[in-house]
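Notes for the one structure printed next.
The values are calculated or read from the model by the stated rules, or taken from the named source; none is laboratory data. These numbers were taken from a predicted model, which means no experiment stands behind them. In this analysis, Cβ positions are derived from the backbone assuming ideal geometry, glycine residues included, and neighbour counts consider all displayed protein chains.
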Amino acid sequence: MVRILRNTKSAAVNPLKSSQPLGAAFAFLGVEGAMPLFHGSQGCTSFALVLFVRHFKEAIPLQTTAMDEVATILGGADHLEEAILNLKTRTKPKLIGVCTTALVETRGEDCASDIANVKLKHAEELAGTEVVLANTPDFGGAIEEGWAKAVAAMIEGITRSGARTRQPKKIAILPGCNLTVADVEHLRDMVESFGLKPVILPDVSGSLDGTVPDRWVTTTYGGTSVEEIRELGTAAQCIVIGEHMRHPAKTLHGLTGVPYAVFQSLTGLKAVDRFVSLLSAVSGAAVPDGVRRHRAQLEDALLDGHFHFGGKRIAIAAEPDQLYQLATFFTGMGCEIAAAVTTTDMSKILQKVPADWVQIGDLGDLEVLAAGADLLVTHSHGRQASRRLGIPLMRVGFPIFDRLGSQHKLTILYRGTRDLIFDVANIFQANQHAPTPEALDPFRKREMPDELRSSPLTRH
Amino acid sequence: MTSLSAKIQDVFDEPACDTNRGKDAKARKQGCSKPLTPGAAAGGCAFDGAKIVLQPITDVAHLVHAPLACEGNSWDNRGAASSGPTLWRTSFTTDLTELDVVMGQGERKLFRAIREIKDTYAPPAVFVYSTCVTALIGDDIEAVCKRAAEKFGLAVVPINAPGLAGSKNLGNKLAAEALLDHVIGTVEPDDARPYDINILGEFNLSGEFWLVKPLLDRLGIRVRACIPGDARYIDVASAHRARAAMMVCSSALINLARKMEERWDIPFFEGSFYGITDTSEALRNIAELLVKKGADAEILDRTETLIAEQEAIAWKKLEAYRRRLQGKRVLLNTGGVKSWSVVHALMEIGMEIVGTSVKKSTVEDKERIKRILKDENHMFEQMAARDLYAMLSKHKADIMLSGGRTQFVALKAKTPWLDINQERQHPYAGYDGMVELVRQIDLAIHNPIWGQVREPAPWDCQPAGEDDLASRKNGTATVNAFNEFAGATAHRFSDR
């Protein structure tokens, strides 16, 4: 039983979270021709935008309803209406994804009916553009929740409901927000190698992979098409990656009856084996040679890599599903989770994290709890703690703004697990401490004689 | 007879070597290295052996007079640790080109290289290693070194151990000869004391001698020179004023130990810091030798007190691993480490030794191992990789301890493996080192990856897969959803 330690501090120190509307916008960015719209004041949008740009090094379409003082007092419906119409004329998006912020939610705006009114009033003008709403106040949740709500909103708002004729080879995949561009690409390749036709929602691999289009596009380019979202109900099977995507999958199931299977993580040999077995069963195809080869490479990576992992103490701060993904990866390699910090206590996955306890908190908590660990695992903001503690940092999640190419790092399936092993082992090797007489002196203050776990003799 | 072959004859006829003493006159003359079998030889050459022995002297510039391969392919590959200078890890080679060889410019290039090193790094000494090519083209490194030493006022030491001379072991001995001829005794210390000792053949791998040295410090024993681990040139040069010496590990430096006894009356014993009992025995022997040489006998009691205290701590720490390691089967496949004391400690905590190689063990060691193991069959000289693989893949051992060369035999047989030779990452000497070794064994054996890699892919092993699924019937909704599909065929899907 994992103990969930609730946050008792009043002051968050070096936040771990990014806000919920950012997560929703992130999901909308995985749809072709999309324009996420923050319903709030200008700053809500610009901060999120800057963070996206720093992470992806891309121009990110993200707009704001620019709530001002008057709108805040009198209500934001007009601003929302104006913003939607403006976006429609200026950028001709196929999807406008409205993400509410704390400001309008605190006002208690009925955004759903506002949007319904706009659609009714401007049905003709808005033809060819879907408008969906995700209620994502900043004061609740974090990226995961926002992402999942946006996906559920798209399914509810766009997917044609009712029982449909199923296409036996069509697979709907709902990936969690912890999957990178490279992960999604690789996932598609893997599914296709079984002769299946995956529809991935959201598909950031099409839109945030850094391709250079031959013209200036003001919306997203690439990603899941609105038409594909509409036809999700014809999939034979839905596969969900990450516990936070269970809710959107349930929504899809409720609307269309498409059955779903949840994979809480696709990192680690066993999890991938289970996934591959499912693909094989669904497709009726044998496991392709390429996939077998990747599995063998992972086996070898496990063998070669495990020397660097055994007995290491790892401190992780990440959103719940990513925390689970990484914590199970590390413990599967013989590490021990010295500290686990996450953003919210709402996720059921926390009960499965292989740690004695999970702290709901921030990077300030991580810095305190990680003392004596061998590796910090969190996003770029962990770099200060890393320097102060003298513990190397492995950058994961969002945002990663001080390294290039984080979206192209593979973290799932056989190859992603293999790459993670090498990444971590290389961090350990790059940070070896040379042995010193002082550290090895047998008369130094000895730890408990029967201490099995930690040894000052371990150098890397 | 050239001076090199005379030297080789000399080091082969080692009166202090048990094996050599046991031979008849004719066999003795043939020397101790077995002739190499082309196509089936393993291990390094004489140059390699000489460099291994000398390179850990930390403040010396080690200059390899050779085309690139000798140094370029081998530098920075060993984990000896230094508490100060790092020059030993900087690689120097004359990198002879075809033109150098054809035009006979090797000697001049060498001389210039020594000057450049002196100008840039100002080391207390330069060691110059001859190699196959420079020996073949007849470069007289002794003459060059002599001239450079005079000209630059610097110790320049020729190490005459070209690879073609023979094996690594021979190179070890030739390196020792070079130290005897050119280094040891060249500096007279002004601080000689009755508790000064030399440690010979200790390499300070991963800093492991620092697990032992504080024990000696506590007894008031000073290590005049540890050759070569973490040594300074001046320590080695003044090593002849120590009162006693311990020769560590294999008999690689036995000629050094014996000749230092002959020349400077420094008695020595052969010992090991691996394992608890051996460490204690080594401390005891050091104290006894010092007393014999005139030190106060009270040191004997102090030594016993320290041993008792340290052994108790170490055994207590080891005891904590008994629960986790009892009954685990160990295969020891190593030459260098004197394994019997390690064997003793492992068995003491309930581990079982299913085999040990005795390739480099002395007759006495073999007897000890035999007594401990009770079954001679578990001793083997050397095992071919194929046999080793077969043995390990049948899971006849829970872990193999060996050197890097057989690492992949173990890994490909999906068997835990721990490096206990020179490339290892962890210090294993002394009392704490033995605890560390056991800790590493524990980590290796219990790493969860073994469960993962040993199981076949589920699609290759249907019955096991089904068992697996059945056993998860009561699991989460996730698993149930999966079972539903894994159990169904694609056809049934399309019918829905």
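Name the one entry in A:ALA34, A:ALA77 that is in contact (Cβ under 8 Å) with a residue 24 or more places away in the chain, buried (at least 24 other Cβ atoms within 10 Å of the Cβ) and of a type in the set (A, V, I, L, M, F, W, C). The unique qualifying residue is A:ALA34.
Collect the residues in region A:258-274 that are more than 9 Å from every other protein chain (Cβ to nearest Cβ) and not polar (S, T, N, Q), keeping them in residue-number order. Break it down into steps so the answer makes sense when it comes.
So in region A:258-274, the residues more than 9 Å from every other protein chain (Cβ to nearest Cβ) come out as A:258, A:265-267, A:271-272.
Correct list: A:VAL258, A:LEU266, A:ALA271, A:VAL272.
Between A:VAL217, A:VAL199, the distinction of being at pLDDT 95 or above, surrounded by fewer than 24 Cβ atoms within 10 Å (Cβ to Cβ), more than 11 Å from every other protein chain (Cβ to nearest Cβ) and more than 26 Å from A:PHE329 (Cβ to Cβ) belongs to A:VAL199 only.
One residue stands out among those in region A:362-371 that are surrounded by fewer than 23 Cβ atoms within 10 Å (Cβ to Cβ) and under 14 Å from A:ILE314 (Cβ atoms): the one that is modelled with the highest pLDDT, which is A:LEU369. Among residues of region B:123-150 that are outside any helix (DSSP H, G or I), those with a Cβ under 6 angstrom from a residue that is crowded, with 22+ Cβ neighbours inside 10 Å and among the polar types (S, T, N, Q), sequence gap 6+ or separate chain, pair up as B:SER130/B:ASN160. Identify all residues within region A:150-191 that are assigned to a loop (DSSP other than H, G, I, E, B), out of contact with any strand residue (DSSP E or B) (no Cβ under 6 Å at 6 or more places or on another chain) and surrounded by 24 or more Cβ atoms within 10 Å (Cβ to Cβ); write none if there are none. Answer for region A:150-191, where residues must be assigned to a loop (DSSP other than H, G, I, E, B), out of contact with any strand residue (DSSP E or B) (no Cβ under 6 Å at 6 or more places or on another chain) and surrounded by 24 or more Cβ atoms within 10 Å (Cβ to Cβ): A:CYS177, A:ASN178, A:LEU179, A:THR180.
For beta carbons closer than 8 Å, sequence separation of 6+ or different chains, a first residue in region B:310-334 that is in contact (Cβ under 8 Å) with a residue 24 or more places away in the chain and a second that is buried (at least 23 other Cβ atoms within 10 Å of the Cβ) and acidic (Asp, Glu), the qualifying pairs are B:ALA314/B:ASP432. Could you tell me whether A:GLU192 is in contact with a Pro (Cβ under 7 Å, 6 or more places away or on another chain) and at pLDDT 95 or above? For A:GLU192, the condition - in contact with a Pro (Cβ under 7 Å, 6 or more places away or on another chain) and at pLDDT 95 or above - is met. Take region B:394-441 and flag every residue that is closer than 17 Å to B:LEU211 by Cβ, among the polar types (S, T, N, Q) and modelled with pLDDT under 90. Correct list: B:GLN422, B:GLN425.
Return a yes/no flag: does region B:200-221 have any residue that is among the β-branched types (Val, Ile, Thr) and under 29 Å from B:LEU154 (Cα atoms). Looking through region B:200-221, none of the residues is among the β-branched types (Val, Ile, Thr) and under 29 Å from B:LEU154 (Cα atoms). Inclusion of A:ALA425 among residues that are assigned to a helix (DSSP H, G or I), out of contact with any strand residue (DSSP E or B) (no Cβ under 6 Å at 6 or more places or on another chain) and among the small types (Gly, Ala, Ser) is warranted.
Let's see how each residue does on (1) surrounded by 22 or more Cβ atoms within 10 Å (Cβ to Cβ); (2) within 14 Å of chain B (Cβ to nearest Cβ):
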site	(1), (2)
A:VAL353	yes, no
A:ILE360	no, no
A:VAL396	yes, no
A:LEU440	yes, yes
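Looking across region A:277-326, the residues that are more than 7 Å from every other protein chain (Cβ to nearest Cβ), part of a loop (DSSP other than H, G, I, E, B) and in contact with a Leu (Cβ under 7 Å, 6 or more places away or on another chain) come down to A:LYS312, A:ALA318.
Among the residues of region B:400-417, those that are in contact with a Ser or Thr (Cβ under 8 Å, 6 or more places away or on another chain) and closer than 21 Å to B:ARG322 by Cα comprise B:MET400, B:LEU401, B:THR415, B:TRP417. Selection of region B:164-220 for residues being part of a helix (DSSP H, G or I) and aromatic (Phe, Trp, Tyr) yields B:PHE209, B:TRP210.
How about region A:327-340: which of its residues are small (Gly, Ala, Ser) and away from chain B (no Cβ under 11 Å)?
A:ALA327, A:ALA338, A:ALA339, A:ALA340
For region B:48-55, the condition of being within 19 Å of B:GLY207 (Cα to Cα), in contact with a strand residue (DSSP E or B) (Cβ under 7 Å, 6 or more places away or on another chain) and of a type in the set (Val, Ile, Thr) holds for at least one residue.
Any idea which of B:ARG224, B:ARG218, B:ARG241 is surrounded by fewer than 24 Cβ atoms within 10 Å (Cβ to Cβ), among the basic types (Lys, Arg) and closer than 30 Å to B:VAL435 by Cβ?
B:ARG218
Filtered by the rule that a residue be within 16 Å of A:ALA66 (Cβ to Cβ) and in contact with an Asp or Glu (Cβ under 6 Å, 6 or more places away or on another chain), region A:86-101 gives a lone residue, A:THR101.
Does A:PRO248 qualify as being surrounded by 23 or more Cβ atoms within 10 Å (Cβ to Cβ) and more than 8 Å from chain B (Cβ to nearest Cβ)?
yes
Among the residues of region B:58-111, those that are buried (at least 16 other Cβ atoms within 10 Å of the Cβ) and either assigned to a helix (DSSP H, G or I) or in the same structural domain as B:LEU205 (by TED's automatic domain parsing) (or both) comprise B:CYS70, B:GLU71, B:LEU87, B:TRP88, B:ASP100, B:VAL101, B:GLY106, B:GLU107, B:LYS109, B:LEU110, B:PHE111. Answer yes if at least one residue in region B:282-291 is more than 24 Å from the chain's Cα centre (by Cα) and not aliphatic (A, V, I, L, M), and no otherwise. Looking through region B:282-291, at least one residue is more than 24 Å from the chain's Cα centre (by Cα) and not aliphatic (A, V, I, L, M). With under 23 Å from the mean Cα position of the chain (by Cα), part of a helix (DSSP H, G or I) and either at pLDDT below 85 or surrounded by fewer than 15 Cβ atoms within 10 Å (Cβ to Cβ) (or both) as the only criterion, which of B:GLU319, B:GLU364 stands out? Just one listed residue meets the conditions, B:GLU364.
Would you confirm, using the coordinates I've provided, whether A:ALA48 is in contact (Cβ under 8 Å) with a residue 40 or more places away in the chain, small (Gly, Ala, Ser), outside any loop (DSSP other than H, G, I, E, B) and under 30 Å from A:LEU366 (Cα atoms)?
On the way: in contact (Cβ under 8 Å) with a residue 40 or more places away in the chain: no; small (Gly, Ala, Ser): yes; outside any loop (DSSP other than H, G, I, E, B): yes; under 30 Å from A:LEU366 (Cα atoms): yes.
Considered against the rule, which asks whether it is in contact (Cβ under 8 Å) with a residue 40 or more places away in the chain, small (Gly, Ala, Ser), outside any loop (DSSP other than H, G, I, E, B) and under 30 Å from A:LEU366 (Cα atoms), A:ALA48 comes out as no.
Of the residues making up region A:125-141, those that are in a loop (DSSP other than H, G, I, E, B) and either of a type in the set (Asp, Glu) or closer than 16 Å to A:GLU109 by Cα (or both) are A:GLU125, A:ASN135, A:THR136, A:PRO137, A:ASP138, A:PHE139.
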